1. With percent of Cα pairs over 27 Å apart as the read-out, I listed (i) 15; (ii) 31; (iii) 36; which label goes with the value calculated from this structure?
2. Please tell me the relative contact order of the chain in percent, rounded to the nearest whole number, where contacts are Cα pairs under 8 Å and at least six residues apart.
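No value in this document is a laboratory result; all are computed from the given coordinates. Since the structure is predicted, the reported quantities are computational estimates derived from the model, not experimental observations.
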Amino acid sequence: MSPYNAVMQGLVILSHGQESGPDATKVTTLALVAERLGWGSQRPDYRGIVSPLARRDHLLARMRVAGGRFVLVGSSMGAFVSGLASLEAPVAGLFLLAPPISLGAEWPPFEIAKVPCAIVHGWRDELIPAADVVAFAQARGATLHLVDDEHRLATHVDACAAWFRQFLDAIR
């Protein structure tokens, strides 16, 4: 975890998925991309926090403590949490991997702030239909990268890193 300081571009906070952790391959890879470009990075540990709203609150608390300029990155449930947090705290951008567009009637609908957003999603995602993500991205004018992969995007980690690098360069 890199500390945030005024010399950096800002702070990238990377939120892992429901069945993952802060040392997961995708968030670790993207954290390294951010750090190489002069951003600080943090990877909160949400293990043991089941509720998406409790995870959102955990993320917002980290943001309040850190202060500064934020880019939120999330994978699966982490994408959902990042989107919800973007509605309550100012962010410079969102980079979302396999975002769940709906978690069912018991949770709020997925929504994001009106900020630059890029989404990576697999055509063969077994949990989140690609058509739902296409419609979501189109309605918000988000950049969308659709790849021949499953929910974990395991065969596209390097592509995600390249797209994330482009995303950070564009919002710099």
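1. (i)
2. 20
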